[in-house]
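Okay, structure first, notes after.
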Amino acid sequence: MISIPKGTKDVLPSEVYKWHYVESLIRKTASDFGWLEIRTPTFEHTELFLRGVGETTDIVNKEMYTFLDKGNRSITLKCEGTAGAARAFIENGLVSQAQPTKMYYITPVFRYEKPQSGRLREHHQFGVELFGSDTPFADADVIMTAKTLLNRLGITDLKLNINSIGCPECRKNYNEALKAYFSERADKMCPTCRERLQKNPLRILDCKVPECGELAKDAPVTLDYICDGCRQHHDKLKDILSYLKVDYEVNPKLVRGLDYYTKTVFEFISNAIGAQGTVCGGGRYNNLVEQIGGPSVPGVGFGMGLERLIMVAEAAGLYLGERQKPLIYIAPLGDEQYIYAYGLVNGLRQKGITAETDITGRSLKAQMKYADKTGARYVAVLGENERLSGVIKLKDMANGTEEEINISELTERLGR
């Protein structure tokens, strides 16, 4: 037997209703906040991620699925959604339209990493990207979209962490401070972080190696090095969140794992699956559009993993919709009734009523067992007498009551 690749997962028919529920809630929340959907390709030119995400990030160095296509072009499966959305924003002329541009997506993403709880090598993300506004209100719009969705799902055990990592200008001073601090401790760092020390010391703060994490605890913090403009932006965002009565915590160690971030970064963290887990992360990326060949246009957004989101909701015992069940199962009795029963079922389906009948040749007893397994609300046996008389008994499986009804009135009865 050919097995599923490591780090991937089948979503079975018995479970997919949870995805439908979450996705419908995503689309409703996105609509309420004025986001419009964008769908970008599953793969992009590798250069997009090298220039956008950053060559020193773990994603680019270790996790991208990159290959040469038949034209000898370097292609990478989508490892995150922001770079592709920014490329589409430039390439399709959205940059010349009235701003801001507010887009959302639900997309698969691919990262070659050790599979872990709620994070697979192929997983799915809900993300939003807002281009064309550099105000803290745009940051708040993004944060409130995520918070509203999480609250509508019923996930309330949340902690919002925010930080500012500054602009490129104030980042220079901060990077020098990090280099000075970590240079004295380089012998205790992992090999990857020793390389990062010269290329991009900010990435050391995001290292998952325990020894590096311990060293990072006493490292300089970004808020001590940001310029007046970045500080004003950060303070205004805090004012907005406080005005909206949104609880938050300033976490000066929060940097996120992608190089394109500037100023605001944030994470929503939940304890619902035991250890703390990030269910949403994002921030501002004011230089990304320019880095990949467009004009200077600010941006801000987030990404939210659906697998982890569903896992958190399940762990909290939250409602995630219900499996689709037929409203009625019509059981034909005798070979002569099969085509008539199928005609009835097809007619009900054309009217928008979920209906099932036997298509395997089961006995009546086996059909009754199957109808029970499907969870059908009503069951009706269609024998020769019912076909000739035009009257059928409709059994309510919820309470066991039966009622006789004209077959011609079945659609009206079930449509109530």
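Please treat every number below as a calculation from the coordinates, not as lab data. Computed from a prediction, not measured in an experiment: that's the story for all the values here. Positions of Cβ are generated from backbone atoms using ideal geometry, with glycine treated the same way; all protein chains shown enter the neighbour counts.
Place a +1 charge on the Cβ of each Lys and Arg in the chain and a -1 charge on the Cβ of each Asp and Glu, then give the dipole magnitude about the Cα centre in debye, rounded to the nearest 20.
Approximately 440 debye in magnitude.
Could I have the simple spin-label model distance between residue 69 and residue 176, label points 7 Å from Cα toward Cβ, reported in nm to one decimal?
It is 4.5 nm.
Using the alpha-carbon atoms, what tilt in degrees (0 to 90, nearest 10) does helix 82-91 show relative to the longest principal axis of the chain?
It works out to around 90 degrees.
What does the extension gain come out to for residue 39 and residue 2, with contour length at 0.36 nm per residue minus their alpha carbon separation?
10.2 nm
On a 23 Å Cα-Cα criterion, which of the cross-link pairs 147/238; 28/238; 373/395; 373/393; 365/393; 28/114 come out too long?
From 147/238; 28/238; 373/395; 373/393; 365/393; 28/114, over 23 Å: 28/238; 28/114.
If you line up the long axis of helix 136-153 against the longest principal axis of the chain, both from Cα atoms, how many degrees apart are they, to the nearest 10?
Roughly 30 degrees between the two axes.
Calculated FRET efficiency, residue 238 and residue 32, Cβ-Cβ r, R0 30 Å, to nearest 0.05?
0.80
What's the center-to-center distance, using Cα atoms, between the range 165-197 and the range 367-404 in Å?
Using only Cα atoms, the two centres lie 72 Å from each other.
Cross-link candidates for residue 208: which aspartates and glutamates have Cα within less than 14 Å, leaving aside residues fewer than 8 places away along the same chain?
Within the straight-line limit of under 14 Å, residue 208 reaches these aspartates and glutamates: 58, 113.
Could you name the aspartates and glutamates whose alpha carbon sits less than 19 Å from that of residue 70, not counting residues in the same chain fewer than 8 places away?
44, 47
Return, ordered by residue number, the residues of the range 329-356 whose backbone nitrogen is under 19 Å from a label point located 7 Å along Cα→Cβ of residue 372.
Counting backbone N atoms under 19 Å from the label point, the list is 329-333, 356.
Angle, helix 338-350 long axis vs. longest principal axis of the chain, Cα atoms, 0 to 90°, nearest 10?
With rounding to tens, the tilt is 40 degrees.
Give me the dipole magnitude in Debye, nearest 20, for the range 1-71 about the Cα centre, with unit charges on the beta carbon: positive for Lys and Arg, negative for Asp and Glu.
180 debye
What span do the alpha-carbon atoms of the range 270-416 cover on each of the three principal axes, reported in whole Å from largest to smallest?
The principal-axis extents, from largest down, are 75, 40, 30 Å.
Which of 329, 248, 225 moves the most in a Gaussian network model of the chain with Cα springs under 10 Å?
Maximum fluctuation in the GNM of the chain, among the listed residues, is at 329.
When the label point is put 7 Å from the Cα of residue 47 along its Cα-to-beta-carbon vector, which residues of the range 72-113 have a backbone N closer than 19 Å?
Answer for the range 72-113: 72-79, 83-93.
Could you check the simple spin-label distance between residue 96 and residue 350, using points 7 Å along Cα→Cβ, in nm with one decimal?
Spacing of the two 7 Å Cα→Cβ label points: 4.9 nm.
Can you tell me the mean projection area, over all orientations, of the convex hull of the range 328-414's alpha carbons? Units nm², please.
5.1 nm²
Going out from 0 in 10 Å bins, what whole percent of all Cα-Cα distances in the range 24-167 drops into each bin?
For the range 24-167, the binned pair fractions read 10, 33, 39, 16, 2 percent.
In what sequence, highest mean first, do 68-76, 95-103 appear when ranked by Cβ atoms within 10 angstrom?
95-103, 68-76
Please compute the modelled spin-label separation between residue 17 and residue 231, points set 7 Å along Cα→Cβ, answer in nm with one decimal.
The two pseudo-label positions are separated by 5.6 nm.
How big is D, in µm² s⁻¹, for the range 315-358 by Stokes-Einstein at 20 °C and 1.002 mPa s if Rh is the Kirkwood radius over C-alpha pairs?
Result for D is 177 µm²/s.
Quick one: net charge around residue 279, please, counting Lys, Arg +1 and Asp, Glu -1 for every other residue with C-beta under 12 Å from its C-beta.
+1
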